[in-house]
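Everything on this sheet refers to the single structure shown next.
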Amino acid sequence: QVQLVESGGGLVQPGGSLRLSCVASGTIFGIIVMGWYRQAPGKERELVATIPTGNNPNYADSAKGRFTISRNNANNTVYLQMNSLKPEDTAVYYCNVLGITDRRPPVQNYWGQGTQVIVSS
């Protein structure tokens, strides 16, 4: 089994910053992509940022210039540094991993439990 544990969410004022973390553990032979998605109340889940193994990060237009995704491969952790936060960033943020496992088919997609981010005065 593969588990993703997220942390770092909370309440912040507009213009403030937060740093989200996600640690992957379990039987996984290789990671293809790690990323962050978010879902606001009454809306569909949307991509925020991804960081493929051996390639450059990708960002939603709303995140460009404000958010930075990074990885620490030594401890299977992905981060999302969020600066200049806006009220419209308020959502539950979910960690996602696409990886090679011991299952069939071997490529599997995993989600974290989500961490709440609220941007408000």
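Sorted from greatest to least, the principal axis extents spanned by the alpha carbons of the chain come out as 47, 27, 23 Å. Ordered from highest to lowest accessible area with the whole protein assembly present and a 1.4 Å probe, Ile69, Ile32 read as Ile32, Ile69.
First measure r as the distance between the Cβ atoms of Leu11 and Ser70, then evaluate 1/(1 + (r/R0)^6) with R0 = 30 Å and state the FRET efficiency to the nearest 0.05. Taking R0 as 30 Å, the efficiency between Leu11 and Ser70 is 0.80.
The values are calculated or read from the model by the stated rules, or taken from the named source; none is laboratory data. Because the structure is a prediction, the values reported are computed rather than measured. In this analysis, Cβ positions are derived from the backbone assuming ideal geometry, glycine residues included, and neighbour counts consider all displayed protein chains. Note: accessible area is taken over every heavy atom of the protein model, side chains too, but ligands, DNA and RNA are not part of it. Shrake-Rupley method; radii C 1.70, N 1.55, O 1.52, S 1.80 Å.
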